[in-house]
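One structure below.
The values are calculated or read from the model by the stated rules, or taken from the named source; none is laboratory data. Computed from a predicted structure; not experimentally measured. In this analysis, Cβ positions are derived from the backbone assuming ideal geometry, glycine residues included, and neighbour counts consider all displayed protein chains.
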Amino acid sequence: MNRDELVRYLDDVLESAKFGDYSPNGLQVEGRAAVFRIVTGVTASQALLDEAVRRGADTVIVHHGYFWKGESPRVTGLRRRRLGTLLQHDINLIAYHLPLDAHPGLGNNARWAQAMGWQPQGRCGDQDLVWWGSMSPAPLEDLARRLEQVLGRVPLVIGEAKRPIRRIAWCSGGAQGYIEAAAALGVDAYLSGEISEQTPHLAREHGMAYLACGHHATERFGVKALAEFLSRETGLACEFVDLANPA
């Protein structure tokens, strides 16, 4: 498949033009024109790039790419090494950030809900990134145990263990800042990837539980689903590589 054809296809599927984002979506580093083997991963770290080289990939697709707003534009240090690896091996780097959080079928929030058995009922917040819905009623401690089983890590829980939970809101990654939008929905709990100093105070004062479930852990879903989708729909060799990250 031609690289530019692939990028146009992904732009269309993920509706990337709808989003105002913090880094460029789509092709970030140009490699060879013909695409045969793709590796997907959460972040375009040096470890992922090295694994792509080892597996003979010509294209890497990630959720967290490069060129974030506010970053220094200097190509030095680890940035030089990462870009050097891509350019030396003629590998394409393609990244989709918010489009891969928000997609109704392939996105992190959609697939997180699917894995947990939640029933999405609506969306709110900036660019409709926060999802809300319901789950089978259970104590907060049971929800935490189920999250540990699904995500492979113990969530940080703010709230009483026996508190009954039914109405929830969730947003993958570093979305603790949307807790006010979640509270306005009157949910029993809000779940995201990270936690900030003020998050426990806001959760308690709004009378809701909060669970920090891991940035990496909650954002593996989209790139994994995208690898499966591309394999099925295009016939390209495409595999998800999960590199351990405790954050």
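For the reader, a short list of remarks on this structure follows.
- Scope segment 186-211; condition part of a loop (DSSP other than H, G, I, E, B) and surrounded by fewer than 19 Cβ atoms within 10 Å (Cβ to Cβ); matching residues: Gly186, Glu194, Ser196, Glu197, Gln198, His206, Gly207
- Test: residue in segment 18-25 that is among the charged types (D, E, K, R) and more than 18 Å from the chain's Cα centre (by Cα): no
- Number of the condition not met by Val62 [criteria: (1) more than 19 Å from His215 (Cβ to Cβ); (2) assigned to a strand (DSSP E or B); (3) among the β-branched types (Val, Ile, Thr)]: (1)
- Meets criteria (surrounded by fewer than 22 Cβ atoms within 10 Å (Cβ to Cβ), assigned by TED's automatic domain parsing to the domain that holds Leu129 and under 23 Å from the mean Cα position of the chain (by Cα)) for Ala113: yes
- Residue within segment 165-179 that is closer than 14 Å to Gly125 by Cβ, in a strand (DSSP E or B) and in contact with a helix residue (DSSP H, G or I) (Cβ under 6 Å, 6 or more places away or on another chain) present: yes
- The one condition in (1) under 28 Å from Ser192 (Cα atoms); (2) at pLDDT below 95 that Pro73 fails to fulfil: (1)
- Count of residues meeting criterion [touching a Cys at 6+ places or on another chain (Cβ under 6 Å) and either assigned to a strand (DSSP E or B) or of a type in the set (D, E, K, R) (or both)] in segment 103-136: 1
- Selected residue (criterion: nearest to His97 (Cα to Cα)) from residues of segment 27-82 that are touching a residue at least 40 places away in the same chain (Cβ under 8 Å) and of a type in the set (D, E, K, R): Lys69
- Selected residue (criterion: nearest to the chain's Cα centre (by Cα)) from residues of segment 26-74 that are surrounded by 16 or more Cβ atoms within 10 Å (Cβ to Cβ) and small (Gly, Ala, Ser): Gly41
- Test: residue in segment 37-53 that is basic (Lys, Arg), within 22 Å of Asp4 (Cα to Cα) and either touching a Lys or Arg at 6+ places or on another chain (Cβ under 9 Å) or part of a strand (DSSP E or B) (or both): yes
- Exactly one residue out of Gln127, Gln121 is assigned by TED's automatic domain parsing to the domain that holds Cys171, under 17 Å from Leu14 (Cβ atoms) and in contact with a Gly (Cβ under 9 Å, 6 or more places away or on another chain): that is Gln127.
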